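The values are calculated or read from the model by the stated rules, or taken from the named source; none is laboratory data. Predicted model, so just to flag it, every value in this text is computed and none were measured. With ideal geometry, Cβ positions are generated from the backbone for all residues, glycine too; neighbour counts draw on all protein chains shown.
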């Protein structure tokens, strides 16, 4: 006989939340600290919903949606023959929800292309003279970031599409960019954005358009009596606009304000407080971590004083010295910046250890920059000089990331006699699939390990985003958290 899966008894905090759901119809915001069972709580909430009720559960990324669907613990969705949902819980990403809306409003069948911006940029450049094309290509990375942030923040060039819900001015986009954009880059962003909107109206979209277009231009938004929204602290202004257009009769949002670390890519600062105010939400907390053991929780209380633990024990230790062979398998090494991770990854590989470096997007970015420094046969000394010049130019323009990128390039250049050797190292490092995982704090969010090495914690600054990042890194550890210093690794 198969035994039924036993469900854990709800905590007092979860019981309070469930009572709130039963006893009123008010909107509710749940402040869920790291590892406190927010997914389990949302499933409990869903179980309380009447069988005939239709609700929408919005998650932040595809992985979360698949996990929720695969769990089979939400009320099954019942649809009509034409796929119109009538009861149960529909689980979607915000992008998936927006895609469905825009597919009904676009003039033609939807065509999704992740490289849409680059293709539009290339087409636009064909109208330029050759010298002007070269100048424009120098701005490509800034233009790409500008278009992406424009779509996250809800920017439209002033005076264009007056009936659209323009959410911000150009200054908001410019401030969010890695460096202030030149007049040429601004002109290109505006031109590409306007062509992008025109083609999206016809049905040609990218992933950013999935939310940007319905948020600003509207569409046949479905109506759900109840909405549940996860990772609320990560929502961008266009995500917020989507929630307004969905018009839920009751909204339940979940998030952790102390894990707000993505404003650099468009997440709305103080977004949870803004949603709570707009939707007149009452509040409840989930403060007992089932992930982090007692010592980890105590270590993170500097950021979340009411943080509690379910599991006793744990280890938090600052290692004044550590040898490469003492770094254990199946661990994560997390750092604020990329360069220390790359340096340590190469050292571990050279000593025969197996590593996996997260961030496959960083490899092509470094390669693209370094190929512009000079010919592949350029000596190490000349390459280092070219990197210094590149860094100086970017810093002079106000870049926020030039130092880390330049440090990354120096790491790879230091391991070979020519630029070609550095490029080969970059290609090789991201092909590794070992059990020691190295990643930045931003890429670690949503993940967890029994053992975490916090590398070079002194790189964390004192602004709100960095303080939140320190908390995020600390709370990736379930049992063991070790602080290590690059200079002390033998």
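Among the residues of segment 200-209, is any touching a strand residue (DSSP E or B) at 6+ places or on another chain (Cβ under 9 Å), modelled with pLDDT of 95 or more, over 24 Å from residue 60 (Cα atoms) and surrounded by 15 or more Cβ atoms within 10 Å (Cβ to Cβ)?
No: zero hits.
Residue 281 - would you say it is in contact with a strand residue (DSSP E or B) (Cβ under 9 Å, 6 or more places away or on another chain), surrounded by fewer than 20 Cβ atoms within 10 Å (Cβ to Cβ) and under 30 Å from residue 149 (Cβ atoms)?
Details: in contact with a strand residue (DSSP E or B) (Cβ under 9 Å, 6 or more places away or on another chain): yes; surrounded by fewer than 20 Cβ atoms within 10 Å (Cβ to Cβ): yes; under 30 Å from residue 149 (Cβ atoms): yes.
Against the criterion (in contact with a strand residue (DSSP E or B) (Cβ under 9 Å, 6 or more places away or on another chain), surrounded by fewer than 20 Cβ atoms within 10 Å (Cβ to Cβ) and under 30 Å from residue 149 (Cβ atoms)), residue 281 qualifies.
Scan segment 458-488 for residues that are without any contact (Cβ under 8 Å) to a residue 60 or more places away in the chain, closer than 16 Å to residue 404 by Cβ and part of a helix (DSSP H, G or I) and report the count.
Residues meeting the conditions: 1.
How many residues, within segment 147-167, are crowded, with 17+ Cβ neighbours inside 10 Å and either more than 12 Å from residue 192 (Cβ to Cβ) or in contact with a strand residue (DSSP E or B) (Cβ under 9 Å, 6 or more places away or on another chain) (or both)?
Total satisfying the criteria: 8.
All but one of (1) touching a strand residue (DSSP E or B) at 6+ places or on another chain (Cβ under 9 Å); (2) within 20 Å of residue 299 (Cβ to Cβ) hold for residue 486, so report the exception by its number.
That leaves (2) as the condition not met.
Of the conditions (1) outside the structural domain of residue 402 (by TED's automatic domain parsing); (2) over 22 Å from residue 442 (Cβ atoms), residue 351 fails just one. Which one is it?
The number of the failed condition is (1).
Taking only pairs six or more apart or across chains, which ones have beta-carbon atoms under 7 Å, a first residue in segment 130-141 that is assigned by TED's automatic domain parsing to the domain that holds residue 185, and a second residue that is at pLDDT below 90 and in a loop (DSSP other than H, G, I, E, B)?
If the second residue must be at pLDDT below 90 and in a loop (DSSP other than H, G, I, E, B), the pairs left are 136/128.
From the set of residues in segment 70-83 that are in contact with a strand residue (DSSP E or B) (Cβ under 6 Å, 6 or more places away or on another chain) and in contact (Cβ under 8 Å) with a residue 24 or more places away in the chain, which is surrounded by the most Cβ atoms within 10 Å (Cβ to Cβ)?
Only one residue tops the list, namely 74.
Do the conditions hold for residue 420, that is, is it more than 30 Å from residue 233 (Cβ to Cβ), assigned to a helix (DSSP H, G or I) and in contact (Cβ under 8 Å) with a residue 12 or more places away in the chain? Show your work before the answer.
On the way: more than 30 Å from residue 233 (Cβ to Cβ): yes; assigned to a helix (DSSP H, G or I): yes; in contact (Cβ under 8 Å) with a residue 12 or more places away in the chain: yes.
Against the criterion (more than 30 Å from residue 233 (Cβ to Cβ), assigned to a helix (DSSP H, G or I) and in contact (Cβ under 8 Å) with a residue 12 or more places away in the chain), residue 420 qualifies.
So, residue 14, is that one crowded, with 20+ Cβ neighbours inside 10 Å and either touching a residue at least 40 places away in the same chain (Cβ under 8 Å) or closer than 28 Å to residue 262 by Cβ (or both) or not? Walk me through it before giving the result.
Working: crowded, with 20+ Cβ neighbours inside 10 Å: yes; either touching a residue at least 40 places away in the same chain (Cβ under 8 Å) or closer than 28 Å to residue 262 by Cβ (or both): yes.
Yes.
Across segment 298-318, which residue is nearest to residue 488 (Cα to Cα) among those that are surrounded by 15 or more Cβ atoms within 10 Å (Cβ to Cβ) and touching a residue at least 60 places away in the same chain (Cβ under 8 Å)?
For segment 298-318, the residue satisfying everything is 316.
Can you find, within segment 247-266, the residue that is surrounded by the most Cβ atoms within 10 Å (Cβ to Cβ) among those that are under 17 Å from residue 57 (Cβ atoms) and out of contact with any strand residue (DSSP E or B) (no Cβ under 6 Å at 6 or more places or on another chain)?
Going residue by residue through segment 247-266, those that are under 17 Å from residue 57 (Cβ atoms) are 247-255.
If we keep only those that are out of contact with any strand residue (DSSP E or B) (no Cβ under 6 Å at 6 or more places or on another chain) as well, we get 247, 249, 255.
Values: 247: 12, 249: 11, 255: 23.
So the residue we want is 255.
Take residues that are more than 30 Å from residue 191 (Cβ to Cβ) and in the same structural domain as residue 16 (by TED's automatic domain parsing) and tell me which of the helices (runs of 4 or more DSSP H) falling wholly in segment 30-129 contain 1 or more. It would help to see each step written out before you state the result.
Working: elements: 38-48, 62-71, 94-105, 116-125.
Those helices (runs of 4 or more DSSP H) span 38-48, 62-71.
Just to be sure, is residue 218 under 19 Å from the mean Cα position of the chain (by Cα) and at positive phi? Explain how you work it out, then say what you get.
On the way: under 19 Å from the mean Cα position of the chain (by Cα): no; at positive phi: yes.
No, not satisfied.
Keeping to segment 343-377, report how many residues are in a helix (DSSP H, G or I), surrounded by 12 or more Cβ atoms within 10 Å (Cβ to Cβ) and either modelled with pLDDT of 95 or more or more than 22 Å from the chain's Cα centre (by Cα) (or both). So that I can check it myself, show each step before the final result.
As a first pass, look at segment 343-377 and keep what is in a helix (DSSP H, G or I): 343-350, 362-371.
Within this subset, residues satisfying the condition of being surrounded by 12 or more Cβ atoms within 10 Å (Cβ to Cβ) are 343-349, 362-367, 369-371.
Keeping just the survivors that are either modelled with pLDDT of 95 or more or more than 22 Å from the chain's Cα centre (by Cα) (or both) gives 343-349, 367, 369-371.
Number satisfying all stated conditions: 11.
Need the failing condition index for residue 317 against (1) over 12 Å from residue 31 (Cα atoms); (2) assigned to a helix (DSSP H, G or I), just the number.
(2)
Of the residues that make up segment 122-135, is at least one farther than 30 Å from residue 169 by Cα, at pLDDT below 90 and in contact with a strand residue (DSSP E or B) (Cβ under 8 Å, 6 or more places away or on another chain)? Even if it seems obvious, please write down each step before you answer.
Step one: filter segment 122-135 for residues farther than 30 Å from residue 169 by Cα, giving 129-131.
After this cut, where a residue has to be at pLDDT below 90 as well, the list is 129-131.
In the following step, the residues that additionally are in contact with a strand residue (DSSP E or B) (Cβ under 8 Å, 6 or more places away or on another chain) were identified as none.
Checked against the condition, which is being farther than 30 Å from residue 169 by Cα, at pLDDT below 90 and in contact with a strand residue (DSSP E or B) (Cβ under 8 Å, 6 or more places away or on another chain), segment 122-135 yields no hits at all.
Please indicate, with yes or no, whether at least one residue in segment 84-107 is over 20 Å from residue 207 (Cβ atoms), surrounded by fewer than 16 Cβ atoms within 10 Å (Cβ to Cβ) and out of contact with any helix residue (DSSP H, G or I) (no Cβ under 8 Å at 6 or more places or on another chain).
Checked segment 84-107: at least one residue is over 20 Å from residue 207 (Cβ atoms), surrounded by fewer than 16 Cβ atoms within 10 Å (Cβ to Cβ) and out of contact with any helix residue (DSSP H, G or I) (no Cβ under 8 Å at 6 or more places or on another chain).
Anything in segment 413-432 that is exposed (fewer than 15 other Cβ atoms within 10 Å of the Cβ) and touching a strand residue (DSSP E or B) at 6+ places or on another chain (Cβ under 9 Å)? List them, or say none.
Matches in segment 413-432: 417 only.
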